[in-house]
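Enquirer: Structure incoming, see below.
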Amino acid sequence: MQLTTIFTILAVAASANAAALSSRANPKVNEYPKDNCVNHDGSNKPTWHHAPAMCKCVSMDKSTFSAYVTAPPGQRAVFFSDDKCQDRFREKKGGEDCVLLSQPERKIASIRMEGPFGCG
């Protein structure tokens, strides 16, 4: 009886960890109206949520000041200064980060997720 309980607990814990890992592994771009990836009410509920497919362009809304970007391992988020993902100027490899859309060199207008060999 105790062995069954232990196996059940381990199975539940393993499935919870797998779900947490898989959600972090998904590409994500959440847009926020304030510059620290929060909403006007201080919550982290995004104004716009995108789950971008590989090599698909995501245009940022003009009222967005920051974006929370998650790029899975082996992928990178590429930032563009136009809204059609043509004028590439910066990238971030894997991981999660709050990105200010007004960069010192230019404003980020669109984002695209790419694999290690790009989208050629």
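Enquirer: Which trypsin sites (Lys or Arg not before Pro) in the range 26-120 pass both tests, a DSSP loop state and at most 15 other beta-carbon atoms within 10 Å?
Expert: Hits after loop and neighbour filter: Lys34, Lys56, Lys62, Lys84, Arg106.
Enquirer: To make sure I understand the rule: partners must be lysines, Cα under 17 Å from the Cα of Lys34, and not fewer than 8 residues away in the same chain. Which ones qualify?
Expert: By straight Cα distance, Lys34 reaches Lys45, Lys62, Lys107.
Enquirer: Accessible area per residue of the range 81-120 at 1.4 Å probe, in Å²?
Expert: Per-residue value: 61 Å².
The values are calculated or read from the model by the stated rules, or taken from the named source; none is laboratory data. On a predicted model such as this, the values are computed, not experimentally measured, just so you know. All Cβ positions, glycine included, derive from the backbone under ideal geometry; neighbour counts span all protein chains shown. When the accessible area is computed, the model is the full protein with side chains, heavy atoms only, and any ligands, DNA or RNA have been set aside. Shrake-Rupley method; radii C 1.70, N 1.55, O 1.52, S 1.80 Å.
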